[in-house]
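The numbers here are math on the coordinates, done by the rules we state, and not lab data. Given the structure is predicted, the values throughout are model-derived calculations rather than measurements. Here the Cβ is made from the backbone with ideal geometry for all residues, glycine too, and neighbour counts use every protein chain on show.
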Amino acid sequence: MTPFTQLQTIGCPLPVANIDTDQLIPARFMSRSRKDGYGDYLLHAQRFAEDGTPRADFPLNDPKFAGAQVLVALRNFGSGSSREAAVYALADYGFRCVIAPSFGDIFAANSVNNGVLPARVSDADARMLIDLLAEHPSIQIDLETQRITVGNHVVDFTIDPVWRMKLLNGWDDLDLTASYAADIAAFQTRDAKARPWVSTEGGD
Amino acid sequence: MSNRSETPKTLFDRLWDTHAIVTREDGETLIAIDRHFVHEGSHHAFAKIAEKGRPVARPDLTFGIADHYVPTRNRASGIADPTIRGMVDKLIANTTRERVHLFGLEDRRQGIVHVVGPEQGLTLPGLTIVCGDSHTSTHGALGAWAFGIGASEVAHVLMTQTLWQRKPKTMRVRVDGAFQPGVGAKDLALTLIARIGADGAQGHVVEYAGEAVRSLSIEGRLTLCNLSIESGARCGLVAPDGTTIAYLRGRPYAPSGALFDEAAEHWLGLASDADATFDRELVLDASEIAPVVTWGTSPEEALPITGSVPDPATISDPARAAQYAASIDYMGLRPGMALSDITIDRVFIGSCTNARIEDLRAAAAVLAGSKASVPGFVSPGSSLVKRQAEEEGLDRIFIEAGLEWVDSGCSMCVGMNGDILAPGERSASTTNRNFKGRQGPGSRTHLMSPAMVAAAAITGKLADMRPFLAGRTAQ
């Protein structure tokens, strides 16, 4: 995975709470293979009218925020389902970071597993960033120092320290797990004796 | 198991300790996974392991279920839509190649993963259970640590039968007292979510306890734990007790004979110590809970049926006022209107939340002898639930009321199989999410219990089910 250290980009404000995963990627698009790309489906109902034309009043369609790699929203971003396609849609569209006061737990884990930074700020800071970006859409993210800079304003963000290390180094869990193969095997032998009822042999 | 000389432990502490393989210096712990359910949507994860050239590590602990995309009508004639058929075919191909047992379309036990797991005894107390579906929290009703995971994590479990986790915080929700007649798990869950918010339990494992929770059947506990994720909790738990043991005895995949008794003794020892502490505690009184409906586009936007749509103009927090105004606009409602004045177009009884036999009985008790004034359908949680309901004659009550009686699957809860509402249509639904577009583009969903959906079907409006039960026996 590509390590995430710093980002200097356009930030797109989305002053909405409870952006759930059904909004991020409607279920009907999820049968696609990842290599076909999910970016076109991101926030589909919000971005496009029923006839398929872009809604001019939606921030993602505003030319001022074209090329944005950071999205700033209100509380409970990514709540709902476990669909990793919600992150595929954000990442394939070009987003590398989402800033919000709170995130769905599964969404946040999925983000980190795809190199997308879920940066947590206070409610007040999220609203301030949204107001600032509406005027000056340039934003800087530093994961090392956990700081967001817009113009003269600097805001600290929080992230689980383990997730921060994963993102900074571009680590993949699977590489890490491989070095514990012996521990896993020993556990399984031990556990089969301690909890023999876990076996599914009796069924079917 | 419990040892009084040690620090008091919660149920979750015990589950964590039993499954921790190694803990790194930074606190990350490698957790052993006991059960892994995969479905049509798991195709991304199977593609990932194929890319790595790695097999499924423990096919004996992995089970496939066709539920998310399956048709609910005319199954015998096959699946007409080539994309949807492709999703089911892909699941068949992936599970066959990896020697994973599949409860497929032709299997008499087919159904929704979170109904079939407990029904078959695959879900047992004390187990770790994962699935690429957020409603995996359901299985916590039997005292299992069960949570939804994303495709990268599904791939990791397929390849290693483990996951890296950080110990979550714990929260206990104690519900004292007794429910009013006809009020139950769905009303409790929606009341709780409205109280703490749809992100209120993020980062926590929630243990439900207290007299009212103990009084719930396993079906009710499954509904309660199912909705944990709608308050932000990845996992909900109820400590195993006599009700749990009685439910599990004789299930096909549960242990049998002396091994069952040995397991049951272990399971009953999992409960939180009386003096165990939780990071957060919340106490509710069951007798104060009324039948609840959602009015907005988040499960936190829920109120007793006797209430009214909030008026954003009277809300002091501007962010909250804006959220409510947007929800009211999407839902096509007026601020201040009585919830019981909201007319509906359709009803849906189904999903992993509320389509077990007890749910169908509760809906049928209200509907019996009446006609529905709107169209709608009933999709049982599993093919075995469907058969049992037919043996009890419940199917005839629904059909005579004018509702369609269809096959089992996720159906109109998520709309992946094509069971959707038309844009702008409004449903009374026993499902779990009232998100914008959840039941199809432009759809409007009101969540409530099966009995409340039945009452709405009769009146064509959101309605209090309690008068319908007057003079009848609930369930």
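Partner chain Cβ atoms within 10 Å, averaged over the residues of B:305-311 - can you pull that number for me?
Partner-chain Cβ atoms within 10 Å, mean over residues of B:305-311: 0.
Over 29 Å between Cα atoms: which of B:K167/B:K436; B:K48/B:K386; B:K90/B:K386; A:K64/B:K48; A:K35/B:K186 fall into that group?
Distance filter (> 29 Å) returns B:K167/B:K436; B:K48/B:K386; A:K64/B:K48; A:K35/B:K186.
Assuming a ≥ b ≥ c are the square roots of the Cα gyration tensor eigenvalues, decide whether the protein assembly as shown counts as rounded (a/c under 1.5), prolate (otherwise, with a/b larger than b/c) or oblate.
rounded
To the nearest 20 Debye, how big is the dipole of region B:60-143 about its Cα centre, given +1 on the beta carbon of each Lys and Arg and -1 on that of each Asp and Glu?
180
Between A:A194 and A:S33, what length in nm is gained on full extension when 0.36 nm per residue of separation is reduced by their alpha carbon distance?
53.8 nm
Which value results for Rg/Rh of region B:293-469 when Rg is the Cα radius of gyration and Rh the Kirkwood radius based on the inverse mean 1/r?
Reported Rg/Rh, Kirkwood definition of Rh: 0.99.
From other protein chains only, count the Cβ atoms within 10 Å of every residue's Cβ in B:429-441, then give the mean. Write out the running numbers ahead of the final one.
On the way: counts 0, 0, 0, 2, 6, 1, 10, 8, 9, 7, 2, 3, 5.
Counting Cβ atoms of other protein chains within 10 Å of each residue's Cβ and averaging gives 4.
Once the principal axes of the Cα atoms of region B:335-419 are found, what is the range along each, listed largest first in whole angstroms?
Dimensions of region B:335-419 along the principal axes of its Cα atoms: 43, 33, 19 Å.
Rounded to the nearest 0.05, what FRET efficiency is calculated for B:Q388 and B:V22 with R0 set to 41 Å and r the Cβ-Cβ distance?
With R0 = 41 Å, the Cβ-Cβ based efficiency is 0.40.
Using modelled amide H (1.01 Å from N, peptide plane; none on Pro or chain starts), what sits under 5 Å from the amide H of B:A463, excluding residues fewer than 5 places away?
B:A456
Determine which residues of region B:297-320 fall in the zone a paramagnetic label at B:Y330 would reach in this model, i.e. backbone nitrogen under 19 Å from the point 7 Å along Cα→Cβ.
B:297-303, B:309-313, B:318-320
If each residue's Cβ is checked for other Cβ atoms within 10 Å, how do B:V378, A:V116, B:V292, A:V72 rank with the fewest at the top?
Sorted ascending by nearby Cβ count, the order is A:V116, B:V292, A:V72, B:V378.
Hey, what does the equivalent ellipsoid look like for region B:387-475, semi-axes from the Cα gyration tensor as sqrt of 5 times each eigenvalue, largest first, whole Å?
Rounded to whole Å, the semi-axes are 24, 17, 11.
What number, in nm² with one decimal, is the all-direction average of the projected area of the convex hull of the alpha-carbon atoms of chain B?
Computed as one quarter of the Cα hull surface, the answer is 23.0 nm².
Please work out the Cα center distance from region B:236-275 to region A:110-155, rounded to the nearest Å.
That distance is 48 Å.
Take the Cα radius of gyration of region B:238-301 and divide it by 2.2 N^0.38 Å, with N its residue count; two decimals is plenty.
Ratio of Rg to 2.2 N^0.38 Å for region B:238-301: 1.70.
If you build the Cα gyration tensor of region B:178-235 and take the root of 5 times each eigenvalue, what three semi-axes come out, in whole angstrom, biggest first?
19, 12, 9
With a ≥ b ≥ c the root eigenvalues of the C-alpha gyration tensor of region B:11-282, is it rounded (a/c under 1.5), prolate (a/b larger than b/c) or oblate?
Verdict is prolate for region B:11-282.
Would you work out which of A:Y88, A:I159, A:G52 lies farthest towards the positive end of the dipole of region A:6-171? Charges go on Cβ: Lys and Arg +1, Asp and Glu -1.
Selected residue: A:Y88.
Compute the distance from the alpha-carbon center of region B:69-89 to that of region B:11-37, in whole Å.
Rounded to whole Å, the Cα centres lie 38 Å apart.
Stick to Cα atoms and the Kirkwood definition of Rh, then tell me Rg/Rh for region A:6-171.
Here the Rg-to-Rh quotient is 0.94.
Neighbouring Cβ atoms within 10 Å as the yardstick, rank B:R426, B:R85, A:R190 fewest first.
Least to most surrounded, the residues fall as A:R190, B:R85, B:R426.
Sticking with the crude label model, points 7 Å out along Cα→Cβ, report the distance from A:D175 to B:D261 in nm, one decimal please.
Inter-label distance under the simple model: 5.3 nm.
Please report Rg over Rh for region A:104-204, where both radii come from the alpha carbon positions and Rh follows the Kirkwood definition. Kindly include the intermediate steps, with their values, before the conclusion.
Numbers: Rg = 21.3 Å, Rh = 17.2 Å.
Ratio value, two decimals: 1.23.
Would you mind getting me the FRET efficiency between B:A422 and B:E400? Use the beta-carbon distance for r and R0 = 22 Å, nearest 0.05.
FRET efficiency, B:A422 to B:E400: 0.30.
What fraction of the DSSP beta bridges in the protein assembly as shown is antiparallel, stated in percent and rounded to the nearest 5?
Here the share of antiparallel DSSP bridges comes out near 35 percent.
For the protein assembly as shown, what is the charge dipole size about the Cα centre, in debye to the nearest 20, if Lys and Arg each add +1 at the Cβ and Asp and Glu each add -1 at the Cβ? Don't jump to the answer; show the numbers that get you there.
Numbers: 65 positive and 81 negative charges, 150 e Å.
For this selection, approximately 720 debye.
Once each part is reduced to its C-alpha centroid, what is the distance from region B:413-475 to region A:160-191 in angstrom?
The two parts, judged by their Cα centres, are 44 Å apart.
Counting only other chains, what is the mean number of Cβ atoms within 10 angstrom of the Cβ of each residue in peptide B:197-204?
Mean partner-chain Cβ count within 10 Å for B:197-204: 5.
If you put +1 on each Lys and Arg Cβ and -1 on each Asp and Glu Cβ, how big is the dipole of chain B around its Cα centre, in Debye rounded to 20?
720
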